[in-house]
Each structure stands twice: as structure tokens, then as C-alpha cells.
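For reference, the structure discussed in these notes is given below.
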Amino acid sequence: MKSGIINKTIYDVDKIRKDFPILESMIHGKPLCYLDNAATTQKPKSVIASDVNYYTHLNSNIHRGVHSLSEAATKAYEDARIRVQKFINASSEKEIIFTRGTTESINLVAQTLGRSILKEGDEIIISTMEHHSNIVPWQLIAAEKKAKIKIIPIIDKGDLILDEYRKLLSPKTKIVSVVYVSNSLGTINDVETIISLAHKQNIPVLLDAAQAVNHLPVDVQKLDCDFLAFSGHKLYGPTGIGVLYGKSHYLESMPPYQGGGDMISKVTFEETTFNSLPYKFEAGTSNIAGTIGLGAAIDYVNTIGINNIAAYEHKLLEYATEELLKINGLRIIGQSDNKCSLISFVLDNIHPHDVGTFLDFEGIAIRTGHHCTQPLMDRFGVPATSRASFGLYNTKYEVDILAAGIKKIIEVFK
Ligand code: C6P
């Protein structure tokens, strides 16, 4: 698939696309135009090769054996932890906990920190634009502890109302948990302000960075967030592997999430003492191949440079916004001045599911539905949107294909 002029200015996207074998696919006889990167990103050859290499040469359980294979697998697994630590600039690799993904990372904090600090009448602050993964875990623990959930409202453009957030903060607030980049609007939230306001009252802040780490440079020490959650599969890595970053003093004070092998120091029938960080939170045999694959994905992203990716995607988003706004009857949901990576839209009198199905016949993969943000859809008074979300390999030409596909469906449905 051809690219456009802007694509050459930051990096050679045509060269990069060759690293992703799936981008060569034909769908219904048309070249695949993959614009569903917020759901999951495609994998470069190096990540695919990492999986094959692991099962061909390294497969063994970690932290358990003294034999060579186990030692090699353990080293590769722990090297991946250091790659993650450096990627988000955590101060120690002990602050990096491997989980199944963003969802599990947030559940871990809700069920451990939440369980140990929440009391009746306490409050948890989240926002209107949260993914269900940052709503339901808090609802579960709030119901158990008789705590309340408070919601930061948003304006029609899709920005959080920080004055309202200020008013919500009180001595009853025990945790703030907000999304860094919205998966449905693309808004980049002002998390620096959110964190500093919470910290004035010694309230810990968790950032759901599922849609941030692949689009923006993320430095947890600079942000000063207390927890940060993300998934490997949105960062060009494998599914089933994710990260919870936590400041060590919080992680030390939290009880374990699950019990089992690897998370213990000593077990008797009377009593168990727990392993040190990070292993206290990694019970059972981990997704070893996936973790090593995540390390390979980070290496890949680093070779391009996350700042280059952010700059490239920013230009692509500007171009896509301009082109889509030219289409009569198309309304963009989420028009913050501080946005990245995606466009959610609705078309007059055409249901998003019809849009998604029609575009699929053009070879274009977008996501339609509520994107696991039903309260946000309610806020905008729509049951669903169509969402085109971009990755480091998308091109201006693909934006043109999308715009042409949307114009075609409007014609057909007239
Ligand atoms: N959003 C989307 O299409 P998991 O499933 O654990 O890897 O990620 C959950 C999650 C949490 N927070 C945000 C902001 C997310 O975008 C997601 C995943 C996908 O938008 C699947 S619903």
C-alpha cells in the first residue's frame, strides 16, 4: 500500500510496514487497512521471532530450576523487566509487576490496596471517560467496603472538568484512578495536574495508561504517579501480558493479590511469609514467552523512538481529522485540543455496526460499539461510535482509503 508525503518526514513508514507481515494481508480482495490499533496492535517480525525462539530454544520454568535452560529463561524474563523499567523510567525493577494486562493490573490494586485502606463512607475518584476496566474493579471493592465512587465530569469537547475534580477531593478520598488517554475520545488527560492535586492531600493516583504508553513518552518518576497500568498487546507485544508499576512503598505495604508458587518466602501449615518485590505479586507460572515478547516489543519501539512515533501519529491524526471533518453528516465525538491516536465518529442515520461491516468489505478494519465505555456513550447520548485508531505504521494513504470508504457508505445509505 502506498503512503503519502508526510510519512517520509519523520521516519520511513514504508520500510517500517515491512516489519509487520500481517499488513500484507488481503481482506475481501482488498489490501488490509488496519485502523483498530486501540483494540490491539499488530506485531513486528522481531516479536513473532521472540516467541518462536523462546519455545525453540529456551522453554523452561523460571525462578525454580538450577539447570541451564531454566537459568536462561529466568535471565530473559528478568531482562524484560529491566526493559520495562527503563521504558517507563521506574526507579527500580522491583516496582514492575507482570500481570495479564491493564485489567488485571487495576484489579490487583483495587483488591489489595483498596481492600486494605477503604472503609465505609470512603471515596474513590474516577472519571466519566473510564474504560470498564477502571470502573468495575472499583465498584466491586466499593460494594464490599461500603465506599462510594465519585465521577469527574467532562465537557462536550471531551476534556475533564478539573475544577469539579478539585471539589471532589476531600479527606474521604482514598484513591484517584483515571485514564491517561481515552480509548473512546483520544483525549490526553492533564494527569500531571490530577496527580499534584491528589498528592496535596496524600491521596495515591493510579493511571490507566493502556492507550498512552504506545503513543506518548511515559516517565513515571516525572509524572509522580503512584501506580500505572498497561497491556503488552497495545504496545506491539503479545496478548496476555501486562504491567503494573507501583511505587515500592505502596507495593511493600499491600497484601498479596493471589497465593501460590513463586510469591512465597516460606510456607508451613500454620503460616506463610511472602516473597520480596516484585515476586510477592506474581503467583504461579507466569506468561514467560509473553513477557520476553514484551521486551522484544519495547526494543522495537525504542529503535524507532517513542518521540518519533508520537510526532508521526500527531501529524497523521491532524490530517485524518481534517479529512473526516470535510464529510457531511459525520460528527467527531471527542474534539479535545489535546488528543492522540484515534477518531471516534457517528454518521447521521447510519448505525456504527453498519459502518464497520461496510468498511470491512473495503478491507478497512475499524472498531464499532461502546468500546467498553458505556457511561461515556451515555454522556454523549449515543449507543455506539465508529472508531478509527492509528498505530506507528498507518499512512496518510490509509486515511484517504478510510475517508473514501465513509463517503461510499453515505452514498449507499442515502
Ligand atoms: N481497550 C479498546 O478497543 P486489556 O483488555 O486489559 O488489555 O485492556 C483494557 C483497557 C483498559 N483501559 C483502556 C483505556 C483500554 O483502552 C483498554 C482496552 C480496548 O479500546 C479493548 S475494549
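The values are calculated or read from the model by the stated rules, or taken from the named source; none is laboratory data. No experiment lies behind these values; they were computed from the predicted model shown. Virtual Cβ from ideal backbone geometry, glycine too; neighbours counted across all protein chains shown.
Data for the structure
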item: Every residue from the stretch 112-135 that is away from the ligand (no atom under 11 Å from the Cβ), surrounded by fewer than 19 Cβ atoms within 10 Å (Cβ to Cβ) and either in a helix (DSSP H, G or I) or aliphatic (A, V, I, L, M) (or both); result: R115, S116, I117
item: The one condition in (1) β-branched (V, I, T); (2) farther than 22 Å from T395 by Cα; (3) buried (at least 19 other Cβ atoms within 10 Å of the Cβ) that T285 fails to fulfil; result: (3)
item: Options I332, I350: the member that is farther than 26 Å from I22 by Cβ, away from the ligand (no atom under 16 Å from the Cβ), in contact with a helix residue (DSSP H, G or I) (Cβ under 6 Å, 6 or more places away or on another chain) and in contact (Cβ under 8 Å) with a residue 12 or more places away in the chain; result: I350
item: The stretch 389-404 residues that are more than 20 Å from K339 (Cα to Cα), paired with ones that are surrounded by 23 or more Cβ atoms within 10 Å (Cβ to Cβ) and of a type in the set (A, V, I, L, M, F, W, C) (beta carbon under 8 Å, 6 or more apart); result: I401/C33; I401/I364
item: Answer from I364, I332, I401 - the residue that is over 23 Å from the mean Cα position of the chain (by Cα) and not charged (D, E, K, R); result: I401
item: Qualifying positions in the stretch 340-361 - surrounded by 18 or more Cβ atoms within 10 Å (Cβ to Cβ) and either in contact with a strand residue (DSSP E or B) (Cβ under 6 Å, 6 or more places away or on another chain) or at pLDDT below 95 (or both); result: C340, S341, L342, I343, S344, F345, V346, L347, P352, V355, G356
item: Criterion (within 16 Å of the ligand (Cβ to nearest atom), assigned to a helix (DSSP H, G or I) and buried (at least 20 other Cβ atoms within 10 Å of the Cβ)) met by exactly one of L376, L402, L316; result: L376
item: Residue within the stretch 155-176 that is within 15 Å of the ligand (Cβ to nearest atom) and more than 15 Å from the chain's Cα centre (by Cα) present; result: yes
item: Selection from the stretch 226-281 of residues that are buried (at least 16 other Cβ atoms within 10 Å of the Cβ), among the acidic types (D, E) and over 18 Å from N107 (Cα atoms); result: D262
